[in-house]
């Protein structure tokens, strides 16, 4: 799984990169066919936004979340992605 982490108006520190990578391992645990993940972290005044595009075998999944804390935004983003990946996996098993 390739992970690309970038930031708009925020410096992506090593601790943020490590936190995102650890959280994305949860998605990899549920579904092995994740090929590429692109994460963008943004800061707009008081809002901290995290968005991610996940390319899996046969689909592209997108999720975003905005919170006052970047780590909370990342947590909520991973929860959304986890649900989407699980739904995609169930859909593929049905076929």
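The values are calculated or read from the model by the stated rules, or taken from the named source; none is laboratory data. These numbers come from a predicted model, not from an experiment. Cβ: placed from backbone, ideal geometry, glycine included. Neighbour counts: every protein chain shown.
Residues in the stretch 58-85 that are in contact with a strand residue (DSSP E or B) (Cβ under 7 Å, 6 or more places away or on another chain) and not in a strand (DSSP E or B): 68, 69, 70, 73, 74, 76, 77, 80, 81, 84, 85.
I want to confirm something. Restricting to the stretch 77-95 and keeping residues that are farther than 17 Å from residue 21 by Cβ and surrounded by 15 or more Cβ atoms within 10 Å (Cβ to Cβ), which single residue is modelled with the highest pLDDT? Top of the filtered list is 80. Could you list, in sequence order, all residues of the stretch 9-43 that are outside any loop (DSSP other than H, G, I, E, B), more than 15 Å from residue 74 (Cα to Cα) and either under 10 Å from the mean Cα position of the chain (by Cα) or modelled with pLDDT under 90 (or both)? Answer for the stretch 9-43, where residues must be outside any loop (DSSP other than H, G, I, E, B), more than 15 Å from residue 74 (Cα to Cα) and either under 10 Å from the mean Cα position of the chain (by Cα) or modelled with pLDDT under 90 (or both): 28, 29, 30, 34, 35. If you go through the stretch 13-35 and pick out every residue that is over 21 Å from residue 93 (Cα atoms) and in contact (Cβ under 8 Å) with a residue 24 or more places away in the chain, you end up with 5. Of all the numbered requirements in (1) surrounded by fewer than 14 Cβ atoms within 10 Å (Cβ to Cβ); (2) closer than 15 Å to residue 81 by Cβ, residue 27 misses one, and that requirement is (1).
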